[in-house]
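J.: Dumping the structure here so I can ask a few things about it.
The values are calculated or read from the model by the stated rules, or taken from the named source; none is laboratory data. As the structure is a computational prediction, the values presented were derived from the model and not from experiment. Glycine also receives a Cβ, built like all others from the backbone with ideal geometry; neighbour counts cover every protein chain displayed. Please note that ligands, DNA and RNA were not included when accessible areas were found on the heavy atoms of the full protein model with its side chains. Shrake-Rupley method; radii C 1.70, N 1.55, O 1.52, S 1.80 Å.
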Amino acid sequence: MINVTDVSLRFGDKKLFEDVNIKFTAGNCYGLIGANGAGKSTFLKVLSGEIDTQSGTVSLSPGERLAVLKQDHFAYEDRQVLDTVLMGHETLYKVKQEKDEIYMKPDFSEEDGMRAAELEGEFAEMNGWEAESDAAVLLKGLGIEESLHMLNMGELSGDQKVKVLLAQALFGNPDILLLDEPTNGLDIQAIQWLEDFLINFKNTVIVVSHDRHFLNKVCTHIADVDYGKIQVYIGNYDFWYESSQLASQMAQDENKKKEEKIKDLQAFIARFSANASKSKQATSRKKLLDNITLDDIKPSSRKYPYIAFTPEREIGNDLLRVQGLTKTIGGKKVLDNVSFIVNKDDKIAFVGKNDIAKTTLFKIIMGEMEADAGTYSWGVTTSQSYFPKDNAPYFENNELPLVDWLRQYSPEDQTETFLRGFLGRMLFSGEEALKKANVLSGGEKVRCMLSKMMLSNANVLLLDEPTNHLDLESITSLNNGLMKFKGSILFTSHDHQFINSIANRLIEITPNGLIDKETSYDEYVSDRKLQKQIEEMYAS
């Protein structure tokens, strides 16, 4: 258990949270949610002891071990993969190191023997003899094959390092597990494995994630950072969302009833206070009026941008034909004879592990990269708007105020009033519309790129990982906007709910060709899980 008592934290004039009192208990998984900047990651650092509280205390039950998902992917470059995982249990790893160093001594003394025996006892108590095999099981579950276990971390790809650091946090059955965005960089199989692991985990988990499906699968409670407080609710994300919306609406409706009652009483008092026969009634009404208090409904830190894509013309049946596209990058064949046809009303999610292949395909069909072989052709009735995975070129070295940045992409109305109004709906109000483009945060850049796309009025949208850097509120708005879009969509994402709610067709680029199905993402995931189980059964 981890006990938070009267904890408060401010940065300058900004209050993140105050007087927080929570008990995080064993057997529960708490999803920590809140708008960008609300203090979710900061609160995790307070819990881990990385940041000191300005008031209050954080305490663990005696003898309990806390593990944290590390965010520095380059911290263990010279360490072997297996050792990096073992380092997640610091005490165990130190005992192992000291024990190994003693046994390596050329002049092994009696004192060394006594110390080694002592260490062997501690090592056994911590299940040290199963440590390497347990670490290997975690790595394999996350998709790090045994052939990589003895390599140095510096030899792995970025996504592989993410998985190793996640295995490090999970290793050794920690009593309290703090996970900040654990699904970032994970493929579908790794996310499924992590979901199953956390569902069966018996200790305390506190997790920050922008993946709504993940939160729904693993969370027993939601800890909501809002109004400068942290409130805990029983249930998963969807249950919290529905109940919080209902509570907010009920509070507003109750205030509306009170306001109407106040108006009626005020009207009666004004009309009859001077009337002798009605004066007692007017006095009685005044007492009633004095006793009516409107509920203080605090403004939430949550803000939902307005995202809506409106095509300027309808698409014909001839939309996009891709034939035999092939591309090699750095000596590795990324695309090999890729062919498919996009039909009217298709909303296609490109899924699977090969992110480079998906990004390369999008760049080629948008004219940003040349294919080695093959062709593609867009229908004459189509107009395309593209959201690239890397949007840096649109903002780097660009000191235009945001309103002027957006003016470049507004073909019809370039007036200050229109542009500021548009930016306001995308959560850039007042002076924020004058921020320079090169100082925007990751989430702000994404909202700018989405604004650019909305102004294009295109009837085909291509989006490569558009939910990266967005908070849950912006993801929800984008999700709803794409569901309502009347044109066609080609997109990539690792967000389960985002894909499942938008796509009516899935394409996976595999080494053996394309998998192209008109199906839901839930069905695709279920089929892939079953296929993997069958493969593992035959392999064993």
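Residue by residue, here is whether (1) open to solvent by 60 Å² or more (accessible area, probe 1.4 Å); (2) outside any strand (DSSP E or B); (3) small (Gly, Ala, Ser); (4) touching a residue at least 24 places away in the same chain (Cβ under 8 Å) holds:
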position	(1), (2), (3), (4)
Gly374	no, no, yes, yes
Pro393	yes, yes, no, no
Pro411	yes, yes, no, yes
Gly424	no, yes, yes, no
Lys452	no, yes, no, yes
Leu462	no, no, no, yes
Ser477	no, yes, yes, yes
Leu490	no, no, no, yes
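J.: Now for a separate question. For Thr359, which of the numbered conditions (1) open to solvent by 60 Å² or more (accessible area, probe 1.4 Å); (2) under 27 Å from Cys448 (Cα atoms) fails to hold?
T.: Unmet condition: (1).
J.: Let me ask another. Among the listed residues Asp296, Asp290, which satisfies the condition of being more than 30 Å from Asn479 (Cβ to Cβ), at pLDDT 80 or above and open to solvent by 90 Å² or more (accessible area, probe 1.4 Å)?
T.: Asp290
J.: Which one of Arg447, Arg420 is assigned to a helix (DSSP H, G or I), among the basic types (Lys, Arg) and free of Cβ contacts under 8 Å to residues at least 24 places away in the same chain? Explain how you work it out, then say what you get.
T.: Working: Arg447 fails: free of Cβ contacts under 8 Å to residues at least 24 places away in the same chain.
Just a single option satisfies the conditions, and that option is Arg420.
J.: Go through (1) closer than 30 Å to Gly128 by Cα; (2) in contact with a Ser or Thr (Cβ under 7 Å, 6 or more places away or on another chain) for Ser61 and report which single condition fails.
T.: (2)
J.: Then there is this: Just the residues that are loosely packed, with under 11 Cβ neighbours inside 10 Å and either aliphatic (A, V, I, L, M) or not in a helix (DSSP H, G or I) (or both), please, taken from segment 82-116.
T.: Met104, Lys105, Pro106, Asp107, Ser109, Met114
J.: Of the residues in segment 231-255, how many are part of a helix (DSSP H, G or I), modelled with pLDDT of 90 or more and touching a Leu at 6+ places or on another chain (Cβ under 7 Å)?
T.: Just the residues of segment 231-255 that are part of a helix (DSSP H, G or I), to begin with: 237-255.
Of the ones still in play, those that are also modelled with pLDDT of 90 or more are 237-240.
This time we only want the ones that are touching a Leu at 6+ places or on another chain (Cβ under 7 Å), so: 237.
Residues that pass the stated criteria total 1.
J.: Show the residue pairs meeting these rules: Cβ distance below 6 Å; 6+ apart or different chains; first residue within segment 335-351 and open to solvent by 10 Å² or more (accessible area, probe 1.4 Å); second residue aromatic (Phe, Trp, Tyr).
T.: Between residues of segment 335-351 that are open to solvent by 10 Å² or more (accessible area, probe 1.4 Å) and residues that are aromatic (Phe, Trp, Tyr), there is no close pair.
J.: Among the residues of segment 395-409, write down those that are without any contact (Cβ under 8 Å) to a residue 24 or more places away in the chain and either exposed (fewer than 12 other Cβ atoms within 10 Å of the Cβ) or part of a helix (DSSP H, G or I) (or both). Quick ask: steps written out before the conclusion?
T.: If we filter segment 395-409 for residues that are without any contact (Cβ under 8 Å) to a residue 24 or more places away in the chain, which is where we start, we get 404, 407-408.
Asp404, Arg407 - these are the residues of segment 395-409 that are without any contact (Cβ under 8 Å) to a residue 24 or more places away in the chain and either exposed (fewer than 12 other Cβ atoms within 10 Å of the Cβ) or part of a helix (DSSP H, G or I) (or both).
J.: Okay, moving on. Mind checking which residues of segment 233-247 are open to solvent by 50 Å² or more (accessible area, probe 1.4 Å) and either of a type in the set (Ser, Thr, Tyr) or within 23 Å of Leu198 (Cβ to Cβ) (or both)? I'd like the intermediate steps shown before the answer.
T.: The initial filter retains those residues of segment 233-247 that are open to solvent by 50 Å² or more (accessible area, probe 1.4 Å), namely 233-234, 238-239, 241-242, 245-247.
Selection gives Tyr233, Ile234, Asp238, Phe239, Tyr241, Glu242.
J.: Assuming Gln189 fulfils every condition listed in (1) open to solvent by 40 Å² or more (accessible area, probe 1.4 Å); (2) over 19 Å from Ala35 (Cβ atoms) apart from one, which condition is it?
T.: Of (1) open to solvent by 40 Å² or more (accessible area, probe 1.4 Å); (2) over 19 Å from Ala35 (Cβ atoms), only one is false for Gln189: (1).
J.: A further question on this structure: Can you tell me which of (1) surrounded by fewer than 16 Cβ atoms within 10 Å (Cβ to Cβ); (2) within 23 Å of the chain's Cα centre (by Cα); (3) touching a residue at least 60 places away in the same chain (Cβ under 8 Å) is the one Lys70 doesn't meet?
T.: (1)
J.: Another one. In segment 28-49, what residues are in a loop (DSSP other than H, G, I, E, B), open to solvent by 40 Å² or more (accessible area, probe 1.4 Å) and either of a type in the set (S, T, N, Q) or closer than 14 Å to Ile176 by Cβ (or both)? Write out each step before concluding.
T.: Within segment 28-49, the subset in a loop (DSSP other than H, G, I, E, B) is 28, 34-39, 49.
Next, only the ones that are open to solvent by 40 Å² or more (accessible area, probe 1.4 Å) stay: 36-37, 49.
Asn36, Gly49, listed by residue number.
J.: Which of the residues belonging to segment 271-296 are in contact with a helix residue (DSSP H, G or I) (Cβ under 9 Å, 6 or more places away or on another chain) and among the small types (Gly, Ala, Ser)?
T.: Initial filter on segment 271-296 (in contact with a helix residue (DSSP H, G or I) (Cβ under 9 Å, 6 or more places away or on another chain)): 271-275, 278-279, 281-283, 285-286, 288-289, 292-295.
Correct list: Ser273, Ala274, Ser279, Ala282.
J.: Can you name the residue in segment 34-62 that is in contact with a Lys or Arg (Cβ under 7 Å, 6 or more places away or on another chain) and not polar (S, T, N, Q) and, of all such residues, is nearest to Asp226 (Cα to Cα)?
T.: So the first thing to find is which residues in segment 34-62 are in contact with a Lys or Arg (Cβ under 7 Å, 6 or more places away or on another chain), and the list is 34-35, 51, 54.
Then drop every residue that is not not polar (S, T, N, Q), which leaves 34-35, 51.
Values: Gly34: 6, Ala35: 8, Ile51: 20 Å.
In this case the residue turns out to be Gly34.
J.: Sticking with this one: Show the residue pairs meeting these rules: Cβ distance below 6 Å; 6+ apart or different chains; first residue within segment 88-105 and at pLDDT 95 or above; second residue surrounded by 13 or more Cβ atoms within 10 Å (Cβ to Cβ) and of a type in the set (Val, Ile, Thr).
T.: Pairs that qualify, where the first residue is at pLDDT 95 or above and the partner is surrounded by 13 or more Cβ atoms within 10 Å (Cβ to Cβ) and of a type in the set (Val, Ile, Thr): there are none.
J.: Oh, and also: Somewhere in segment 194-206, is a residue under 27 Å from Leu16 (Cα atoms), assigned to a helix (DSSP H, G or I), open to solvent by 30 Å² or more (accessible area, probe 1.4 Å) and in contact (Cβ under 8 Å) with a residue 40 or more places away in the chain? Even if it seems obvious, please write down each step before you answer.
T.: Start the filter on segment 194-206 by keeping residues that are under 27 Å from Leu16 (Cα atoms), which leaves 204-206.
Still in the list and also assigned to a helix (DSSP H, G or I): none.
Looking through segment 194-206, none of the residues is under 27 Å from Leu16 (Cα atoms), assigned to a helix (DSSP H, G or I), open to solvent by 30 Å² or more (accessible area, probe 1.4 Å) and in contact (Cβ under 8 Å) with a residue 40 or more places away in the chain.
J.: Additional query: As an exercise: evaluate Asn512 against (1) polar (S, T, N, Q); (2) in contact (Cβ under 8 Å) with a residue 60 or more places away in the chain; (3) over 26 Å from Glu396 (Cβ atoms); (4) open to solvent by 30 Å² or more (accessible area, probe 1.4 Å) and give the number of the one condition it does not meet.
T.: Result: Asn512 fails condition (2) only.
J.: Can you name every residue in segment 132-186 that is of a type in the set (A, V, I, L, M), under 16 Å from Lys353 (Cβ atoms) and either open to solvent by 10 Å² or more (accessible area, probe 1.4 Å) or in contact with an Asp or Glu (Cβ under 9 Å, 6 or more places away or on another chain) (or both)?
T.: Leu148, Leu156, Val162, Leu186
J.: What number of residues within segment 515-540 are small (Gly, Ala, Ser) and either surrounded by 12 or more Cβ atoms within 10 Å (Cβ to Cβ) or modelled with pLDDT of 90 or more (or both)?
T.: Summing the residues that are small (Gly, Ala, Ser) and either surrounded by 12 or more Cβ atoms within 10 Å (Cβ to Cβ) or modelled with pLDDT of 90 or more (or both) in segment 515-540 gives 2.
J.: Take segment 314-334 and flag every residue that is surrounded by fewer than 18 Cβ atoms within 10 Å (Cβ to Cβ) and either in contact with a helix residue (DSSP H, G or I) (Cβ under 8 Å, 6 or more places away or on another chain) or within 24 Å of Phe498 (Cβ to Cβ) (or both).
T.: Our first condition is that a residue be surrounded by fewer than 18 Cβ atoms within 10 Å (Cβ to Cβ); within segment 314-334, this holds for 314, 316-318, 321, 323-324, 326, 328-333.
The answer is Ile329, and nothing else.
J.: Name the pairs whose Cβ atoms lie under 9 Å apart, with the first residue in segment 130-147 and over 17 Å from Gly172 (Cβ atoms), the second open to solvent by 90 Å² or more (accessible area, probe 1.4 Å) and of a type outside the set (A, V, I, L, M), and 6 or more positions between them or separate chains?
T.: Gly143/Lys353; Glu146/Lys140
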